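Data first, discussion second: the structure below is written as structure tokens.
Rule-based calculations on the coordinates, nothing more; no lab input. Computed from a predicted model, the values in this text were never measured in an experiment. Heads up, the Cβs are rebuilt from the backbone with ideal geometry, glycines too, and the neighbour counts pull from every protein chain shown.
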Amino acid sequence: MVNATKGLFVSCDVPMAQFITNHNSSLPASQKFVIHILDNTHLFVQPHAGEMIRNAIQEFREQNSYEKPT
């Protein structure tokens, strides 16, 4: 019998994949969303995690953006 799991395929660069896996490992076991790390730039995650990943990336970018002083 074949076992299938519904999820999202995430393709990104190496630093972003590391950011996503680090974010996943910082969560409690009941909230982890990475199903499988396929390689350095591809992840398979739970379907509901798409928006959460986008929000985490947006927060990270906002915290690490530079605005030239006036």
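General remarks:
- The GluC sites (Glu not before Pro) of the range 34-70 that meet both conditions, a loop assignment by DSSP and at most 10 other Cβ atoms within 10 Å of the site Cβ, are GLU67.
- Toward the positive end of the charge dipole of the range 8-63, with +1 on the Cβ of Lys and Arg and -1 on the Cβ of Asp and Glu, the farthest Cα among ALA17, ILE57, ILE37 is that of ILE37.
- Assigned charges on the beta-carbon of Lys, Arg, Asp, Glu; the range 8-63 dipole about Cα centre (debye): 120
- Of the trypsin sites (Lys or Arg not before Pro) found in the chain, those in coil by DSSP whose Cβ has at most 11 other Cβ atoms within 10 Å are LYS6.
- Exposure proxy ranking for HIS42, HIS36, HIS23, based on other Cβ atoms within 10 angstrom of each Cβ and starting from the fewest, stands as HIS36, HIS42, HIS23.
- P(r) of the chain over all Cα-Cα pairs, binned every 5 Å from zero, in whole percent: 3, 15, 24, 24, 14, 8, 6, 3, 2, 1, 0, 0, 0
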